[in-house]
Structures are given as C-alpha cells and as structure tokens.
Amino acid sequence: MQHTDLIIFLGLGSSLIAPTLYKSLSSIQGLFGRHCYRDRLKELVVHLRLGKMLARRNIDLQFYLYNQSYSDIEKQIRDCKSCDSFDECDYFLKNKQLGNKITLPFCRINSAVLYVKDQQEKLYRLRNKNL
C-alpha cells in the first residue's frame, strides 16, 4: 500500500511541476534568442553610417539597442541603408565643429536619433541627481 501511495504522489507531483519547469525553460530560451538577435542588430548598426551617427552624437550603443523596439531599429537600419545623401551625411560625421543636436534635414533617421539622445540625457540627469 505504501508503494502505491508513493507512486501516485510522485505522479501527481511531477504533473504539477512539469508545466512550470517547461514554462521556465521556454522563458530562458526566449531570452537567449532575443539576446542573440540583439547582437546581430548591433553588428548591423556598427557597420552602417547609423553606428557612426550614434557615436558622433555620443549615444551609447547599448542604450540605443535596449531602449527601442526591434521594429524601430530595423526600420532605422533600412532607412539608413536606402539613403542617398552620402555626401551630406559624411560631412556631418567628419565635422566635429557641428553640434550634437543639430537637425539634419537630409537624414531620414534624424528625429529618431535625436529622440534617443534626449532619452539618454534624461536618464543620465536622473542618475546624477540621485547620486
């Protein structure tokens, strides 16, 4: 009788634990997948003018990647790749005398980049205020 009770108890226990364990493992797998995808986006951004634009405007790449949705980043990558204002963009990227917050009418992603810059500055001001 005791063996039967033990088998029933273990069966019920495992049936309760299995879904929780499965959910936990799938969550971990999802996190890993998103991390790998974000790394691929990072490589794309770094090798485009978009990465140079972020560096020129003193925007932290990790902040940029983790504070925007994948679709926004992908759209900005597409817009940057399809841009044909290379000369104007290169002039801005090389000219350090131009300010970081200057608006670039030729740039399709200018407003998005300036928005990220403002968000980053707000976060830094908030952190420094609390220190």
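Only one of these conditions is not met by residue 35: (1) at pLDDT below 90; (2) over 10 Å from the mean Cα position of the chain (by Cα). Which number is it? Condition not satisfied by residue 35: (2). Residues in the stretch 83-101 that are surrounded by 14 or more Cβ atoms within 10 Å (Cβ to Cβ) and part of a loop (DSSP other than H, G, I, E, B): 83, 85. Within the stretch 68-78, is even one residue acidic (Asp, Glu), open to solvent by less than 40 Å² (accessible area, probe 1.4 Å) and over 25 Å from residue 124 (Cβ atoms)? Among the residues of the stretch 68-78, not one is acidic (Asp, Glu), open to solvent by less than 40 Å² (accessible area, probe 1.4 Å) and over 25 Å from residue 124 (Cβ atoms), which makes the answer no. Within the stretch 64-118, the residues that satisfy the criterion of being under 13 Å from residue 41 (Cα atoms) and among the β-branched types (Val, Ile, Thr) are 73, 77. Candidates in the stretch 102-118 are the residues that are in a loop (DSSP other than H, G, I, E, B) and without any contact (Cβ under 8 Å) to a residue 24 or more places away in the chain; of these, the one that is most open to solvent (accessible area, probe 1.4 Å) is 105. Per the listing 29, 120, the residue uniquely of a type outside the set (Gly, Ala, Ser) and at pLDDT 90 or above is 120.
The values are calculated or read from the model by the stated rules, or taken from the named source; none is laboratory data. In this text the structure is predicted, and so the values were computed from the model without any measurement. Reconstructed Cβ throughout: ideal geometry from the backbone, glycine too, with neighbour counts over all protein chains shown. Surface accessibility is based on the protein's heavy atoms, side chains included, excluding ligands, DNA and RNA. Shrake-Rupley method; radii C 1.70, N 1.55, O 1.52, S 1.80 Å.
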